[in-house]
Each structure stands twice: as structure tokens, then as C-alpha cells.
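The values are calculated or read from the model by the stated rules, or taken from the named source; none is laboratory data. Note that the coordinates shown come from a computational prediction; the quantities given were computed from them, not determined experimentally. Methodologically, a virtual Cβ is constructed for each residue, glycine included, from the backbone with ideal geometry; neighbour enumeration extends over all protein chains shown. Calculation scope for accessible area: heavy atoms of the full protein, side chains included, ligands and nucleic acids excluded. Shrake-Rupley method; radii C 1.70, N 1.55, O 1.52, S 1.80 Å.
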Amino acid sequence: MDVRFDPSRGLTGELTPPADKSISHRAALLGAMAAEPVRIVNYLHSADTDATLAAVEALGALVEERGDVITVRGTGLREAREPDGPIDVGNAGTLLRLLPGWLAAQEGRSFTLDGDSSIRRRPVDRIADPLRLMGAHIDARDGRFAPLTVHGDRLRAISYDLPLASAQVKSCVLLAALAADGATTVCEPSRSRDHTERMLLRGGVSIERHGNCVTVVNADELVLDRVPVPADPSSAAFAIAACLLVPGSRLLVRGLGANWTRMGFLRIAKRMRGIVVGELEGEHSLLSPEEPVCDLDVAYGPLEGTYVEPEEVPLAIDELPLVALLGCFAEGETVVRGAGELRVKESDRIATVVEGLRGLGADIEALQDGFAVTGGGGLRGGVIDAAGDHRIAMMGAVAGLASRDGVTVRGMEAASVSYPSFLEDIRSLSR
Ligand code: S3P
């Protein structure tokens, strides 16, 4: 679907962004692993998170929806049912990487996961390696791609150093650790989002963080009761970026998840002199079972270029395309390094961002592990191909609102992976 975005005169109004995708995936998965029913309030309905509900149902959980509450009646930690056929994860990398953590502990049962063409190019050796160390047996195409088959077994506790900071891999090991035979420790080179840790703590699991390491003790059961899902900062980032770029804009964002590990983009935007006001969570050494929420006031202001440090990358990983877009309008250079992971997202996001923005008139270079933008000139406009990637489609839309001549996004339907109401929301704010 081609959609045209004309230059906007300024975005104004209020927005409650859609529910958090990462927290929704985790709530459904932990709900399926729990002993008692779990009520999830404000679950995200999107292609990715609907795939997770379908997956847990295929594994024996019961899912019931009433108003804005989804109740998941799980099977317990070790009782997932072997489904008749492969589990279809669609486009959802988080489902592909987290679910095997639970399945690895299902002794004597096997599960195959597969998905779309984008999922089939996303590496799974990063989860297969630690799960094998724990005692599971994993087969993957060419050793590292879906389809992936998990043969569950009795698991041992491990200490594992992640080669790269990844919340998906960390979470996979933590889920497997619940059914292992002792305390498992996972260390990351730098912090990544901690929604799994918070939800496990909320579920009564013994879990602690020391620096960049998390230790979880095996559990007999998980008892969660109620999980509220705040609005997704990664989805909100599109309207926020549009506001920062289009003169005359002023936006109030309501009910936003304000977890420190998800605020990297807002910290970078503030450093670029974007006007962002709100009570964001500070960095804590102790884990909290809560997901903080805030309202945010955002307004246009002329931007300055910035250097994004490698340790900031995991905390803003999904918003880095927007950092490149802000960079096109900022005075001076904006450089992102240490972000080689972007190459294995829903698309090769270094290539799709650089080629996409260059096609709209940007002065941007691809680096092996990031990009460098020389800003100040803004964007002319033109046509951008979403390449099947939701975040590239929505970046293209924002580029159109801020451009001189407007932008046509080719493949706008990709937005439904995380933000099905994106067009409605952005149109209600722009004039
Ligand atoms: C996610 C973690 C990140 C992120 C993805 C969601 C999660 O992936 O890019 O969109 O929910 O854990 P990595 O763990 O691969 O960095």
C-alpha cells in the first residue's frame, strides 16, 4: 500500500500511544507459564503480539478477552502441550527468541518455530548456544536460522556472558532458568531493557541484578495475577520525532512507559536540544517490579547533531532510524556507532535507513556498525520503500511530515506489526 504524507504545518494535540509490544509479549508468555490465571490490562493488539497469543493457545493456554482485559490461563512452567504443527511467529523476533526459553524445559516434547521471510534471516544461534549449555537440544536451518526445533529436556543452571547486549537473548535464558536446577546468572556487556526481570520479580521469582548481571533462582511456580501494560515508548517515538522536527508543534503524550532502559531515544533527543519534558525514571541499581508511567510534553526546537555512544545503543535500539532522521534536520553531524545489530532487525536497518533517507535528499553514509549524517539541510522528499519493516514505514511517514515536498511510503501496511492505528493517530495530530 502506497501512502502519501504531505508536509505538515505543525503537530498539536494529545496522544495515548498503543500498548507496549515488549511488555505485551512477555505478559502473554509469562501468563502461559503461570500457575494461576493472569489478567493483562491494555494488551497490544498488533500482528506481532497476536502471534504470541496464538502461540500460547497452541501450547495449551486459554486466552479470553473482555473489554481491555485479556485473561491467560496458563499450563504452568513444565506443562506446555506439544502442538500439532509448527508455531508461526509471523514477523515477531521477540516471540522467536523468548518462547524457546520456556519450551527448552518441556522434557520429552519437541516444538518447531517458523515465520515469514524476514524472520528466516534473523539469527537464532544466539539463543541456541546458551540453551544447549543448559541441556536442551536445538536444531536450526544452517545451524542458525528458523525453522528452529526445540527438544525440551531437564535443564541445568548456568552462568552465561552474552556476547552482545540483547534483551531477547537475556530473557530467553531467564525463562529457561526458571525450570533449571539452581541459580542462573546472565551478564551483558551493557544494559538492555529489563521488562522480563521486572515481571519475574512481580511473579514472586527470586531475581537480583548486580551491575550488568542478573541472577535468577529456579522456581516451582509463577503467580502474576494482574499485569498492566503502559504505552510503548518505541511507538510513541514516531509522533515525538515528528513534533521535534515540524516547527509549531506541541504534543502531550499520555500514559507512556518511562522505564529507564527504554528512554535512550528521549535522552538522545534532549541532548540534540529537542524540547521534551516529563518524569522519566532514573537509573536504579535495584530491580523494581513496577513499570513506571509518565506524561510527556514535547515541542519543536532547532536541533543539534550528536554522537551516540555504543552503550546507549541497546537502550535506543528500535529508535535509531529516528535518530538518523533527526540528524538530517540537526545542525552539524550525527553519528551512531556500535549498532551492527541493526543489520539483523526486521530489515538490514543500516541499509534501509541510509538508502531510504538518501532517496529523500539526506546527506548520510552507512558505516559498518551504524551511520553518519551531515544535517541542517532537512529533506526534500520523494518515495521510500518500507522493505517490509514497520519502523522504516513509520520513519518514512514522519520524514514526509517534516519534508519540503512530501513523501510517499511504499508498503505502509508494515506498520500493523507494532502500531495498527498509526495512520489515524498521526493524521489526527498533523494539519
Ligand atoms: C526486544 C529487544 C530488542 C528490540 C526488539 C524488542 C525485546 O531486540 O530490538 O524490538 O522485546 O526484548 P534485541 O534483544 O535483539 O536487541
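With contacts defined as alpha carbon pairs under 8 Å and 6 or more residues apart, what's the relative contact order of region 21-228 in percent? Don't skip to the answer; put the middle values down first.
Values: 487 pairs, mean separation 44.3, N = 208.
That works out to 21 percent.
Which one, Pro123, Leu164, Ala51, projects farthest toward the positive side of the charge dipole computed for region 21-228 from Cβ point charges (K/R +1, D/E -1)?
Sorting the options by dipole projection puts first Leu164.
When only C-alpha pairs under 8 Å and at least 6 residues apart count, what is the relative contact order of region 17-70, in percent?
Relative CO of region 17-70 lands at 41 percent.
Calculate, in nm to one decimal, what Glu79 and Glu279 gain on full extension: separation in residues at 0.36 nm each, minus their alpha carbon distance.
67.8 nm
Mind giving me the nanometre distance, one decimal, between the label points for Arg343 and Leu287, set 7 Å out from Cα along Cα→Cβ?
3.3
Quick one: grab the alpha carbon gyration tensor of region 66-171, order the square roots of its eigenvalues as a ≥ b ≥ c, and give me rounded if a/c is under 1.5, else prolate or oblate depending on whether a/b is larger than b/c. It would help to have the intermediate numbers written out before the result.
Details: a/c = 1.37, a/b = 1.16, b/c = 1.17.
It comes out rounded by the Cα gyration axes.
For region 178-202 and region 1-44, what is the separation of their Cα centres, given in Å?
Cα centroid of region 178-202 versus Cα centroid of region 1-44: 23 Å apart.
Of the beta bridges DSSP finds with both residues in region 331-431, what % are antiparallel, to the nearest 5?
70
Normalised by the residues of the chain, what does the relative contact order come to in percent, with Cα pairs under 8 Å and at least six apart?
18
What order do you get for 158-168, 378-388, 62-72, 279-289 when each peptide is scored by the mean count of other beta carbon atoms within 10 Å, highest first?
Result, highest mean Cβ count within 10 Å first: 378-388, 158-168, 62-72, 279-289.
According to the Kirkwood expression over distinct Cα-Cα pairs, how big is the hydrodynamic radius of region 139-212, in Å?
Computed over region 139-212, the radius equals 13.5 Å.
Rounded, prolate or oblate: pick one for region 188-237, where a ≥ b ≥ c are the square roots of the eigenvalues of its C-alpha gyration tensor, a/c under 1.5 means rounded, and failing that, prolate if a/b is larger than b/c, else oblate.
Note, shape of region 188-237 comes out oblate.
Efficiency by 1/(1 + (r/R0)^6): what FRET value for Cys213 and Leu367, r their Cβ-Cβ distance, R0 = 41 Å, to the nearest 0.05?
0.85
Could you report the accessible area of Cys328 in Å², rounded to 10, computed with a 1.4 Å probe on the protein chains as they sit in the structure?
Accessible area, nearest 10 Å²: 0 Å².
If you look at just the Cα atoms of region 21-228, how large are its Rg and its Dmax in Å?
Spelled out, the Cα radius of gyration and Dmax of region 21-228 are 15.3, 44 Å.
Once R0 is set to 22 Å, what does the formula 1/(1 + (r/R0)^6) return for the Cβ-Cβ distance between Arg267 and Thr16, expressed as a FRET efficiency to the nearest 0.05? List each step's numbers first, then the result.
Values: r = 22 Å, r/R0 = 1.01.
It comes out at approximately 0.50.
Leaving out ligands, DNA and RNA, and with a 1.4 Å probe, what % of the accessible surface on the chain is carbon or sulfur?
48
Please name which of Thr215, Gly108, Leu95 has its Cα lying farthest along the dipole of region 21-228 towards the positive end, using unit charges on Cβ (Lys, Arg +1; Asp, Glu -1) and the Cα centre as origin.
The residue sitting most towards the positive pole is Thr215.
Pull out a ≥ b ≥ c, the square roots of the eigenvalues of the alpha-carbon gyration tensor of region 277-431, then state rounded if a/c is under 1.5, prolate if not and a/b is larger than b/c, and oblate in the remaining case.
Rounded shape, in that the Cα axes give a/c under 1.5.
Measuring from label point to label point, each 7 Å out along Cα→Cβ, what is the Ser110 to Val223 span in nm?
In this crude label model, Ser110 to Val223 measures out at 3.8 nm.
With +1 on each Lys and Arg Cβ and -1 on each Asp and Glu Cβ, how big is the dipole of the chain about its Cα centre, in debye rounded to the nearest 20?
420
What's the center-to-center distance, using Cα atoms, between region 262-325 and region 356-375 in Å?
21
Gap in Å between the Cα centre of region 91-156 and the Cα centre of region 238-260?
For region 238-260 versus region 91-156, the Cα centre distance is 37 Å.
In nanometres, what is the gap between the two model label sites at Arg404 and Glu424, each 7 Å from Cα along Cα-to-Cβ?
Going by the 7 Å Cα→Cβ label model, 3.6 nm.
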